[in-house]
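The values are calculated or read from the model by the stated rules, or taken from the named source; none is laboratory data. In this text, all values refer to a predicted model and were calculated from it rather than measured experimentally. Note that we place each Cβ from the backbone using ideal geometry, even for glycine, and neighbour counts take in every protein chain shown. Calculation scope for accessible area: heavy atoms of the full protein, side chains included, ligands and nucleic acids excluded. Shrake-Rupley method; radii C 1.70, N 1.55, O 1.52, S 1.80 Å.
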Amino acid sequence: MYFNYSWSDHQEQAQDIAFTLPLLKLNKQTHKKFIPSLAQQYVYIELHKAARKISPKEARVQIQRRGQDIQIEVTSRSNNLLERWQRSMDQSKEKALNQYLQDNYYSYFRSHLGQKAIKPDHLRYISENKTALLPIAQAVFEKLPINSDTRAYVNLVLSWVQSIPYNKLEDRLNSNGAGYLPPLSVVANNQGDCDSKAVLMASLIRSLLPDAKMTMLYLPNHALLGIVLPFRDGEQTLAINGSDYLLMEPTGPAKIPLGNIATRSSTDIAGNMYSFEEIP
């Protein structure tokens, strides 16, 4: 499928790129909202499969749904067997939920307050889309003057991603991934929320810069990126695990160059109101 984009960069210079993406890959790029009841049904079925493998001579298992949880009760005449099969069933429950999350591109997430939730597996989307997005990365790179440095590439990509219309992010802790679009869907639909646009940006960087050190920052109802690059005086950085990350705001619509972020983002980061995932 053929695409043609025009936008203005950070210097208000007109830019345009054209590229082709495989239609088959575009059609496969969907993301389903996480529905707890469907996850619970999957876990419930898997637990019954696991329970059938236990000899009734050793233990009996009762599995019941109670609200949003599944209760497992194991009885046995032997305390050792009771502990063994209770532990085994608990492990089966955890394994089943993890498998459901993996199959549906979800991962666990902790907010800056330590609240545990489930969100789209952004890191997996980045890893799996870097090759598919290579035509875009190459189209942007070809717009740069010969011998341009990494900053020039990142900034030009950043201005393009910022120009893509923005959809407001729903509450990450409660939205269950509703509204999230994978990278190719952001391109095809020409819209995306901050999580979606940050993942697209990271994927495009990873396409041409496989060794770039990056992190994804999660602020309350917002997301941005950091990359390890030489930085200049006055630019916004964040130290994480011994590395200084130069920050960027892919969300838009404001055209903010690399090393500059929105005032609200600065305030949240200064108040330690963020969590992060380092991007492999």
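Figures for the structure shown
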{"read-out": "Yes/no for Arg124 being among the charged types (D, E, K, R) and at pLDDT 95 or above", "value": "yes"}
{"read-out": "Residue, nearest to the chain's Cα centre (by Cα), within segment 46-59, restricted to residues that are part of a helix (DSSP H, G or I) and touching a residue at least 12 places away in the same chain (Cβ under 8 Å)", "value": "Glu46"}
{"read-out": "Qualifying positions in segment 245-280 - in contact with a helix residue (DSSP H, G or I) (Cβ under 6 Å, 6 or more places away or on another chain) and over 23 Å from Leu181 (Cβ atoms)", "value": "Pro257, Leu258"}
{"read-out": "Any hit, segment 256-268, residues being within 19 Å of the chain's Cα centre (by Cα) and over 26 Å from Asp9 (Cα atoms)", "value": "no"}
{"read-out": "Test: residue in segment 87-96 that is open to solvent by 60 Å² or more (accessible area, probe 1.4 Å), on the phi < 0 side of the Ramachandran plot and in contact with a helix residue (DSSP H, G or I) (Cβ under 6 Å, 6 or more places away or on another chain)", "value": "no"}
{"read-out": "Number of positions in segment 37-49 that are of a type in the set (A, V, I, L, M), open to solvent by 60 Å² or more (accessible area, probe 1.4 Å) and within 17 Å of Arg60 (Cα to Cα)", "value": "1"}
{"read-out": "Number of the condition not met by Tyr100 [criteria: (1) open to solvent by 20 Å² or more (accessible area, probe 1.4 Å); (2) under 13 Å from the mean Cα position of the chain (by Cα); (3) closer than 26 Å to Leu47 by Cβ]", "value": "(2)"}
{"read-out": "Qualifying positions in segment 6-36 - polar (S, T, N, Q) and open to solvent by less than 70 Å² (accessible area, probe 1.4 Å)", "value": "Ser8, Gln15, Gln29"}
{"read-out": "Selected residue (criterion: nearest to Tyr105 (Cα to Cα)) from residues of segment 50-68 that are surrounded by 11 or more Cβ atoms within 10 Å (Cβ to Cβ) and charged (D, E, K, R)", "value": "Arg65"}
{"read-out": "Residues of segment 269-280 satisfying the condition of being open to solvent by less than 60 Å² (accessible area, probe 1.4 Å) and over 21 Å from the mean Cα position of the chain (by Cα)", "value": "Gly271"}
{"read-out": "Selection within segment 186-204 - open to solvent by less than 10 Å² (accessible area, probe 1.4 Å) and in contact (Cβ under 8 Å) with a residue 60 or more places away in the chain", "value": "Val187, Asp195, Ala198, Val199, Leu200, Ala202, Ser203, Leu204"}
{"read-out": "Answer residue from segment 125-165, given it is β-branched (Val, Ile, Thr) and surrounded by fewer than 18 Cβ atoms within 10 Å (Cβ to Cβ) and is farthest from the chain's Cα centre (by Cα) among those", "value": "Ile146"}
